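Remarks on the structure that follows.
The values are calculated or read from the model by the stated rules, or taken from the named source; none is laboratory data. This structure is a prediction, so every number in the text was calculated from the model and none was measured. Heads up, the Cβs are rebuilt from the backbone with ideal geometry, glycines too, and the neighbour counts pull from every protein chain shown.
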Amino acid sequence: MKKVAILTNGGDAPGLNAVIRAIVKTARTNGVECYGYIEGYKGLLENNYVKLDLATNASGLLHKGGTIIGTSNSTNVFNYKVVNEDGSVEFKDLSDKCVENIKNAGFDCVFALGGDGTQKSSRDFSLKGVNFIGVPKTIDNDVAHTDTTFGYNTAVSVATEAIDRLHTTAESHHRVMVLEVMGRYAGWIALESAIAGGADVALIPEIPYDINKVVEKINERRNRGKEFTIVVTSEGAIPKDGEMVVKKNLDDGSGLDNIRLGGIGEKVANDIEALTGMVTRNTVLGYVQRGGTPSAFDRILSTKYGTKAMELALEGIFNVLVTYKDGKMGYVSLEDVVGNNKVVGAASGNTKESNIRKIKMDDDLVRVARDLGMCLGD
Ligand code: F6P
């Protein structure tokens, strides 16, 4: 193990730089050189990489949000959109070019920091005989086989602070406050922040909701003299008799999930106002959930992930995802991570079909929410 490369791919998450730092430091301890591909798989395809060095670019990173090597969430090198000179569009498998780039640069291993879409491509590359090690990044906390992805804890903290702030204004104005949070097809951010912030209602994709149940909860609170209610809704929450609310479908045929979710908070707020007559406001929390400095928990988790990733490379254990399970660092094969989403190059993005980890109904969080009397919309 002499030379390794890191890439950060997909939506950014707090802790990416902390993982990079941990890999680079562990590499230095063991006499390994580290490089970083610029903008994820795009940099791999374009053979665009820089040396990561503790004397220059790779120090002072622990607390920094974003990623110093950039990221891209619109590159599927296995089904890459090419616009020809005459304007016609073709989709090409350019993965062999990437493999060639890795081999020519002499990288013994590539660390891919990303969510389920990124790990799908890592697994597809591993089938081409290159050494990949995945590190599970996403604020959504939905990567299979690991209990907590880095970035998630920070996102929950930001959402919790938002709920705290909505509480005081809701109480002062006797309003219903709806907060729409991220999470795509999993409700982790919504449910954990709802519990941490003492919300009254949490709507998550795993439980299609009945708006009448939400109204019942608001009325029950009113009868107890509580003239305000806090509703947290995940961007992927689904009405019982309806569809997920999609802001934009940017599907360009490359097999990436370019569906932009958003708008469910507005719908829930409008429905509540119409059915209760209470003044209801909606807040969309958006990208503040994934920008900025990582929490102390995420700094530690990211450091554990990064050091473990480099340790695995030194042990010659490749084509695995680093995991954090039951409080212990470990690993699982990338083949297990993709689950049944086996077709190479297909559905490479964070899709509804991909093997993501959703909240199960026997999860402690669901039990806790129900014990507290929180309405989950069912
Ligand atoms: O996967 C992370 C995430 O922030 C989701 O929670 C959200 O749906 C999505 O990315 C937004 O993606 P984009 O950066 O393309 O708007």
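Observations
- Residues of the range 20-41 that are within 24 Å of GLY292 (Cβ to Cβ) and within 16 Å of the ligand (Cβ to nearest atom): GLU39, GLY40.
Residues are listed down the side, and each one gets a yes or a no for (1) closer than 30 Å to GLY345 by Cα; (2) more than 12 Å from the ligand (Cβ to nearest atom):
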| site | (1), (2) |
| --- | --- |
| VAL246 | yes, no |
| GLY253 | yes, yes |
| ALA269 | no, yes |
| ASN282 | no, yes |
| ALA296 | no, yes |
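- The single condition among (1) crowded, with 17+ Cβ neighbours inside 10 Å; (2) within 16 Å of the ligand (Cβ to nearest atom); (3) in a helix (DSSP H, G or I) that ALA313 does not satisfy is (2).
- Residues of the range 246-277 classified as more than 21 Å from the chain's Cα centre (by Cα) and of a type in the set (D, E, K, R), total: 5
- Annotation note: of ALA194, ALA202, ALA237, the sole residue that is buried (at least 22 other Cβ atoms within 10 Å of the Cβ), away from the ligand (no atom under 12 Å from the Cβ), part of a loop (DSSP other than H, G, I, E, B) and not β-branched (Val, Ile, Thr) is ALA237.
- Residue within the range 60-74 that is touching an Asp or Glu at 6+ places or on another chain (Cβ under 6 Å) and at pLDDT below 95 present: yes
- Annotation for the range 79-94: at least one member residue is at pLDDT below 95, under 23 Å from the mean Cα position of the chain (by Cα) and crowded, with 17+ Cβ neighbours inside 10 Å.
- In the range 184-199, the residues that are in contact (Cβ under 8 Å) with a residue 12 or more places away in the chain reach residues that are among the aromatic types (Phe, Trp, Tyr) with C-beta atoms within less than 8 angstrom, at least six apart or across chains, in these pairs: TRP188/TYR152; ILE189/TYR152.
- Extreme residue, surrounded by the fewest Cβ atoms within 10 Å (Cβ to Cβ), among residues of the range 284-306 that are of a type in the set (Lys, Arg) and not in a loop (DSSP other than H, G, I, E, B): LYS304
- Residue match in the range 166-178 (condition: assigned to a strand (DSSP E or B) and more than 21 Å from ILE139 (Cα to Cα)): yes
- Every residue from the range 255-267 that is assigned to a helix (DSSP H, G or I) and away from the ligand (no atom under 12 Å from the Cβ): GLY265, GLU266, LYS267
- Unmet criterion (only one of (1) surrounded by fewer than 24 Cβ atoms within 10 Å (Cβ to Cβ); (2) under 27 Å from the mean Cα position of the chain (by Cα); (3) not acidic (Asp, Glu)) for LYS217: (2)
Yes/no per residue for (1) farther than 30 Å from HIS174 by Cβ; (2) in contact with a Lys or Arg (Cβ under 7 Å, 6 or more places away or on another chain); (3) not basic (Lys, Arg):
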position: LYS240; (1), (2), (3): no, no, no
position: ASP251; (1), (2), (3): yes, no, yes
position: GLY255; (1), (2), (3): yes, no, yes
position: GLY263; (1), (2), (3): no, yes, yes
position: GLY286; (1), (2), (3): no, no, yes
position: ASP298; (1), (2), (3): yes, no, yes
position: PHE318; (1), (2), (3): yes, no, yes
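- Condition check for THR56: hydroxyl-bearing (Ser, Thr, Tyr), closer than 30 Å to ALA296 by Cα and more than 25 Å from the chain's Cα centre (by Cα): yes
- Residue among VAL4, VAL19 that is in contact with a strand residue (DSSP E or B) (Cβ under 6 Å, 6 or more places away or on another chain), in contact (Cβ under 8 Å) with a residue 24 or more places away in the chain and in a helix (DSSP H, G or I): VAL19
- For GLY134, the criteria (1) assigned to a strand (DSSP E or B); (2) exposed (fewer than 15 other Cβ atoms within 10 Å of the Cβ) hold in every case but one, which is (2).
- Single match in THR276, THR293, THR307 (criterion: of a type in the set (Ser, Thr, Tyr), touching a residue at least 40 places away in the same chain (Cβ under 8 Å) and in contact with a Pro (Cβ under 7 Å, 6 or more places away or on another chain)): THR293
- Flag for THR67 being surrounded by 16 or more Cβ atoms within 10 Å (Cβ to Cβ), free of Cβ contacts under 8 Å to residues at least 60 places away in the same chain and part of a loop (DSSP other than H, G, I, E, B): yes
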